[in-house]
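Below is one structure, written out as structure tokens; comments come after it.
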Amino acid sequence: MNQILGEQSIAFEQSSYIIGDACIAGEKEGQGPYKNEFDKIETDPYFGQDSWEEAESQLQLQTAALALEKTGLTSRDIRYIFAGDLLGQNIATSFGLMDLNRPLFGLYGACSTLGESLSLGSMAISGGFADKVMCLTSSHFGSAEKQFRFPLEYGNQRPLSATWTVTGSGAFILSSEPPRAGASVRITGITTGAITDYGITDSMNMGAAMAPAACDTIFKNLQDFSRMPEDYDKIITGDLGSIGQEILIKLLRDKGYDISDRHLDCGIEIFDADTQDTHAGGSGCGCSACMLSAHILKQLRAGVWKRVLLVPTGALLSTVSFNEGQSVPGIAHGVVLESA
């Protein structure tokens, strides 16, 4: 049986295996440090479509198709899809994936959606409700700027605390059985995040808004699993950026844990701070999704890392809440990944 741990965690007796994955990144992401690790770099920001929103839908569909192709499966082999994006009513997902004609759970956890989808997908498999599921997220710089800030034509200045929404998507196929060949990675546990609100009202400083949520989830994971930071080769957050990373490390030190020697942040990693003008780093659902597929899973499959705590982070704001002067709550979902 699955073991309920502490306040927020589950240790899976029946692990789910990541048997296939794919990622597609945009042109700016393709100029960064991981340009040779993405499956595909698309230089057309419209992806052959007429709008930013249609472009993101096409991005999701292409990524899902690529993951199926790499795994040798068809959409009919997938029991459920767990997917989401940043747009209102998850329109990138609903319009992008409808042609796959598979049962869909549309998810919204802001930039933490990857952690939410992997958590729910692994729960479905561990509980015996599916043998194969797909977990998928995306974000697009143009569609996110249009919805949350200003049209790109406006040309507004960005403060140094701002992050750059990643144009990218990652798709992951989970199975109750390991792959037939090659090294595998399995999900052995999760820590579901709680909404954490420190009263941050600056939507251009989402790292500060999300860092407390990341701290809470990492702290609860270590407590629930009776682990220390050194029990993980890496503790990887989604998109705190350079400002959020500094806050996270300080908050955890105040709780008695020092993760500074093993912490990575996907938002910091995906761009080159010295050559690319992205200010505090990258963000968006596609940030951690692209990094998981392009780099993190490869390190686990190669045995470089044995156990990783992946903690995608999200800022739970909307244009309505921001315009009404509300604060920006954060949430983060922890997923324990181990080489098998």
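Each value in this text was obtained by applying a stated rule to the coordinates, not by laboratory testing. Small disclaimer: the values here were computed from a predicted structure and weren't measured. A quick note on method: Cβ atoms are made from the backbone with ideal geometry, for glycine too, and the neighbour counts reach across all protein chains shown.
A simple spin-label model places pseudo-atoms 7 Å from Cα toward Cβ; at ASP277 and ASP254 they are separated by 3.5 nm. Pairs LYS234/LYS298; LYS40/LYS70; LYS132/LYS298; LYS70/LYS132; LYS70/LYS298; LYS40/LYS298: which exceed 19 Å Cα-Cα? Beyond 19 Å between Cα atoms: LYS132/LYS298.
Under 20 Å from a label point set 7 Å out along the Cα-to-Cβ vector of ASP131, the amide N atoms of the stretch 41-74 belong to 68-74. Of all the options ILE125, ILE24, ILE200, the one that moves most in a Gaussian network model of the chain with Cα springs shorter than 10 angstrom is ILE200. With Rh defined as the Kirkwood radius, the inverse of the mean 1/r over Cα pairs, the Rg/Rh of the chain is 0.94.
So for ASP85, ASP197, ASP274, ASP21, fewest C-beta neighbours within 10 Å to most, what's the order? All intermediate terms of the calculation are to be shown ahead of the outcome.
Details: ASP85 33, ASP197 15, ASP274 5, ASP21 25.
By the 10 Å Cβ count, ascending, the order reads ASP274, ASP197, ASP21, ASP85.
Need one number for the stretch 229-269: average projected area of the convex hull over its C-alpha atoms, nm². Intermediate values should be presented prior to the final figure.
On the way: hull surface 10.5 nm².
Result: 2.6 nm².
By DSSP, the beta bridges lying fully in the chain are antiparallel in about 65 percent of cases.
Computed from label points 7 Å out along Cα-Cβ, the spacing between ASP44 and GLN147 is 2.3 nm.
Size descriptor for the stretch 185-339, Kirkwood hydrodynamic radius: 15.6 Å (Cα pairs only, one decimal).
Ranking of TYR198, TYR80 by neighbouring Cβ atoms within 10 Å, starting from the fewest: TYR198, TYR80.
Each Lys or Arg adds one and each Asp or Glu takes one away; over the other residues whose Cβ falls under 13 Å from the Cβ of THR313, this sums to -4. Applied to the stretch 295-310, the Karplus parametrisation 6.51 cos²θ - 1.76 cosθ + 1.60 on θ = phi - 60° returns per-residue 3J(HN,Hα) values of 10, 5, 4, 5, 5, 5, 5, 7, x, 5, 10, 9, 9, 10, 9, 9 Hz, with x for Gly and Pro.
With n ≥ 4 as the cut-off for DSSP H runs, can you work out [θ] at 222 nm for the chain, using -39500 (n - 2.57) per run divided by the number of residues, rounded to the nearest 500?
Details: 10 runs with 103 residues, N = 340.
About -9000 deg cm²/dmol.
For the stretch 14-175, how big is the tail of P(r) above 18 Å, as a whole percent of Cα pairs? Please list the in-between numbers first.
Details: 7548 of 13041 pairs.
For the stretch 14-175, the fraction of Cα-Cα distances above 18 Å is 58 percent.
Relative contact order of the stretch 14-175: 32 percent, from C-alpha pairs under 8 Å at least 6 residues apart in sequence.
Given contacts defined as C-alpha pairs under 8 Å and at least six residues apart, what's the relative contact order of the chain, whole-number percent? Walk me through the numbers on the way to the answer.
Numbers: 892 pairs, mean separation 83.9, N = 340.
Averaging sequence separation for qualifying contacts and normalising by length gives 25 percent for the chain.
For the pair GLN31 and SER51, the difference between a 0.36 nm per residue extended length and the Cα-Cα distance amounts to 4.9 nm.
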